[in-house]
Amino acid sequence: MARPGSDPNQQAAHTKWRWRKELLAERRRVPAAVRFAEAMSLSTHLTSGRIVRPGQTVCAYVPIGSEPGSAQMLEDLNDFGARVLLPVVTGDGPLDWGWYAGKEALRPGPHGLREPIGELLGSFALRIADLVLVPALAVDKNGVRLGRGAGHYDRSLADTSTGTHLVAVVRDQEIFEQLPSEPHDIRMTAVLTPNRGLLRFV
């Protein structure tokens, strides 16, 4: 895929929707065996003790389609001693959140999501998070994240406490020099990839 961020003229010619279209097409071409290996690697990074510590609260997500990660990653975080929150879509506003209580305690939600069936904690539950794993299609070296376009995370992440780590989760090939951004975009503090692990933004 052409990388508009490396050339201002290319950047002007590419809109967010085109980035999304091309990135989603590339993800669909990734073999299932590669996605499985990458998901295992992400889980290993998260439970290595260098990113998450036992007792911390982690906002995570159940991957949709070709998104990096896996439901097993949530189990691994639980087994490691982390407390895991999952997002719940309730209209066009900020995300609600509920505790992850195992694969059997998930139900279908909007947009193909799988959501926790327990008590909802409200959008401000983000304030107790030590780390938020944010699904992304791409991220650039300034922390600009490209999501799927619904805006749920951008409306939600403003509620995080100062010092909370916002970590975009992408494949290694999905880090770019520069992505198109808008004033409402919330910048990530780090990115997590299968092979490179956690990379912090200055």
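Filtered by the rule that a residue be open to solvent by less than 50 Å² (accessible area, probe 1.4 Å) and touching a residue at least 12 places away in the same chain (Cβ under 8 Å), segment 41-54 gives SER41, LEU42, SER43, HIS45, LEU46, THR47, ILE51, VAL52.
Only one of VAL132, VAL169 is open to solvent by less than 10 Å² (accessible area, probe 1.4 Å), within 19 Å of TRP99 (Cβ to Cβ), β-branched (Val, Ile, Thr) and at pLDDT 90 or above; which?
Details: VAL169 fails: within 19 Å of TRP99 (Cβ to Cβ).
Step by step, each of VAL132, VAL169 is checked, and only VAL132 is open to solvent by less than 10 Å² (accessible area, probe 1.4 Å), within 19 Å of TRP99 (Cβ to Cβ), β-branched (Val, Ile, Thr) and at pLDDT 90 or above.
Take segment 24-40 and flag every residue that is of a type in the set (Asp, Glu) and either crowded, with 19+ Cβ neighbours inside 10 Å or without any contact (Cβ under 8 Å) to a residue 24 or more places away in the chain (or both). First the steps, then the outcome.
Initially, segment 24-40 is screened for residues of a type in the set (Asp, Glu), giving 26, 38.
Listed by number, the list holds a single entry, GLU38.
Residues that are touching a Pro at 6+ places or on another chain (Cβ under 8 Å), more than 16 Å from ALA39 (Cα to Cα) and touching a residue at least 40 places away in the same chain (Cβ under 8 Å) within segment 66-101 comprise VAL89, LEU95, TYR100, listed in sequence order.
Residues that are within 21 Å of LEU77 (Cβ to Cβ), without any contact (Cβ under 8 Å) to a residue 40 or more places away in the chain and surrounded by 16 or more Cβ atoms within 10 Å (Cβ to Cβ) within segment 137-164 comprise LEU157, THR160, THR164, listed in sequence order.
Conditions (1) open to solvent by less than 20 Å² (accessible area, probe 1.4 Å); (2) within 15 Å of GLU67 (Cβ to Cβ), marked per residue:
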site	(1), (2)
PRO87	yes, yes
LEU95	yes, no
PRO108	no, no
LEU113	no, yes
GLU119	no, no
GLN178	no, no
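Of note, GLU67 satisfies the criterion of being among the charged types (D, E, K, R), open to solvent by 10 Å² or more (accessible area, probe 1.4 Å), under 20 Å from ASP154 (Cβ atoms) and out of contact with any Leu (no Cβ under 8 Å at 6 or more places or on another chain).
The values are calculated or read from the model by the stated rules, or taken from the named source; none is laboratory data. Small disclaimer: the values here were computed from a predicted structure and weren't measured. Quick reminder, even Gly has a Cβ in these numbers, built from the backbone with ideal geometry, and neighbours come from all protein chains shown. Remember, those area values only see protein heavy atoms, side chains included, never the ligands or the DNA or RNA. Shrake-Rupley method; radii C 1.70, N 1.55, O 1.52, S 1.80 Å.
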